[in-house]
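S.K.: Before anything else, here's the structure in question.
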Amino acid sequence: MTIDTQSQRAKHGPLRRIIGSVFAILHTRLELVGIELAEEKDRLLAVLFLGLAAMMLATMALIALTVLIAVTFWDTFRWQALAGIAIVYALAALFCAVRARNGLRNAPIVFEAMLNEFDKDREIFRRH
């Protein structure tokens with residue numbers, strides 16, 4: 001019975017090592033996913049906060065500028081001044097929309113490091 005048990009262990013030894021290696025690799029990759037998710041979350045929160053602060057401050061500045069221009073030209077060119085302000089705002093909005101669209105199109109690939117590691121793992125397993 002000891003000979004049968006030892007032969008079974010010998011047969012299952014390489015298989016267990018392979019399965020153990022696969023689980024170790026998966027564990028490492030899942031840790032990498034967690035790290036990348038945490039980094040992406042922190043980056044997005046920082047960008048969101050700064051973007052909201054910038055929009056709030058820019059809105060306040062635009063309101064003040066609009067009032068200043070409207071008051072300055074109220075007696076002479078009131079509708080022309082307001083039309084000019086509206087055109088400037090529309091052009092600025094168009095510029096921001098185009099930049100936002102380009103930013104979304106050119107965004108980095110999420111989980112790029114993890115995908116590269118999986119490709120390396122696949123190549124290693126193909127060789128063996």
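Bear in mind that the values in this text are calculations on the coordinates, not laboratory data. Values in this document were obtained by computation on a predicted structure and should not be read as measured data. Counting neighbours? That spans all protein chains shown, and the Cβs are built from the backbone with ideal geometry, glycine included.
S.K.: Out of the residues in the stretch 75-124 meeting the condition of being polar (S, T, N, Q) and within 21 Å of the chain's Cα centre (by Cα), tell me which one is surrounded by the most Cβ atoms within 10 Å (Cβ to Cβ).
M.R.: The qualifying residue surrounded by the most Cβ atoms within 10 Å (Cβ to Cβ) is N116.
S.K.: Now a separate question. Residues that are hydrophobic (A, V, I, L, M, F, W, C) and at positive phi: does the stretch 103-123 have at least one? Spell out the reasoning first.
M.R.: Going through the stretch 103-123, the residues hydrophobic (A, V, I, L, M, F, W, C) turn out to be 104, 107, 109-111, 113-115, 118.
Add one more test, that the residue is at positive phi, and what stays is 111.
Yes.
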